[in-house]
Amino acid sequence: MINSQISFLELSLSLPPHSPSTKTFISPQNIQCPEVRTKMKKIIWPGLLLGLIMLVVNFIVSYLFMLIPSVATDYTSGFMRSWQDPLMMAFFLYPFILGIILAALWDKVKTSFKGNRGCHFGWWVFLLTTVPGMYITYTSFNLTFLTILGWTVSGLISAKIAGFLLAKMNP
């Protein structure tokens, strides 16, 4: 039985017994297993960076489209949960989850693309993730076309940036 005072995270991050410290910060340099270190460098860190960038891009594009009155009305019409609802905080995890998934996918398929690989990858990500989602959103929700267009533009920009950055960070 493991002592309840020691958390799983502390156990998984402990250094060898000869080390002066038994705890360490999660970073590629502090991971003992070379395979895990490589995956963190190629997938986790780029995925988290992509998530942050996609979150910022989504905020900027959404803000610009909300300057259009009909789009602003869609956001305030009660279609979405209130920002005071604690579950809405989970909304902000979406770009980080997507970023890690895209980084893992890129690591598997990057050799399939020729020429401007990142641009091609971003285009396919847009076609596979944004287009079907926006189609079903437009056909099933009572939102204006401009709102859907704003989300589509945001998806396109995010996908292209993701492809470009992944091609640079993990060639």
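Among the residues making up the range 74-117, those that are of a type in the set (S, T, N, Q) and either at pLDDT 90 or above or closer than 21 Å to Met54 by Cα (or both) are Thr111, Ser112, Asn116.
If I filter the range 120-137 down to residues being of a type outside the set (Gly, Ala, Ser) and touching a Phe, Trp or Tyr at 6+ places or on another chain (Cβ under 7 Å), which single residue comes out as nearest to Phe59 (Cα to Cα)?
Met134
I'm trying to understand the selection: among the residues of the range 83-94, which are part of a helix (DSSP H, G or I) and free of Cβ contacts under 8 Å to residues at least 12 places away in the same chain? Pro86, Leu87, Met88, Met89, Ala90, Phe91, Leu93, Tyr94, listed by residue number. Considered as a group, the residues in the range 27-53 that are among the aliphatic types (A, V, I, L, M) and modelled with pLDDT of 70 or more include one that is nearest to Ala103 (Cα to Cα), and that residue is Ile43. With respect to (1) of a type in the set (Phe, Trp, Tyr); (2) farther than 17 Å from Val71 by Cβ; (3) buried (at least 16 other Cβ atoms within 10 Å of the Cβ), the lone exception for Tyr138 is condition (2). When the range 126-152 is filtered for residues that are hydrophobic (A, V, I, L, M, F, W, C), assigned to a helix (DSSP H, G or I) and either farther than 17 Å from Tyr94 by Cα or touching a residue at least 12 places away in the same chain (Cβ under 8 Å) (or both), the ones remaining, listed by number, are Phe126, Leu127, Val131, Met134, Ile136, Phe145, Leu146, Ile148, Leu149, Trp151. When the test is whether a residue is of a type in the set (A, V, I, L, M, F, W, C), surrounded by 12 or more Cβ atoms within 10 Å (Cβ to Cβ) and part of a helix (DSSP H, G or I), Met80 does not pass it. One residue alone among Ile68, Ile161 is within 21 Å of the chain's Cα centre (by Cα) and touching a residue at least 12 places away in the same chain (Cβ under 8 Å), and that residue is Ile161.
Here Asn116 meets each of (1) without any contact (Cβ under 8 Å) to a residue 60 or more places away in the chain; (2) exposed (fewer than 12 other Cβ atoms within 10 Å of the Cβ) with one exception, condition (2). For the range 49-77, a residue qualifies if it is assigned to a helix (DSSP H, G or I) and loosely packed, with under 11 Cβ neighbours inside 10 Å, and the qualifying residues are Tyr63, Pro69, Thr76.
The values are calculated or read from the model by the stated rules, or taken from the named source; none is laboratory data. Computed from a predicted structure; not experimentally measured. Glycine also receives a Cβ, built like all others from the backbone with ideal geometry; neighbour counts cover every protein chain displayed.
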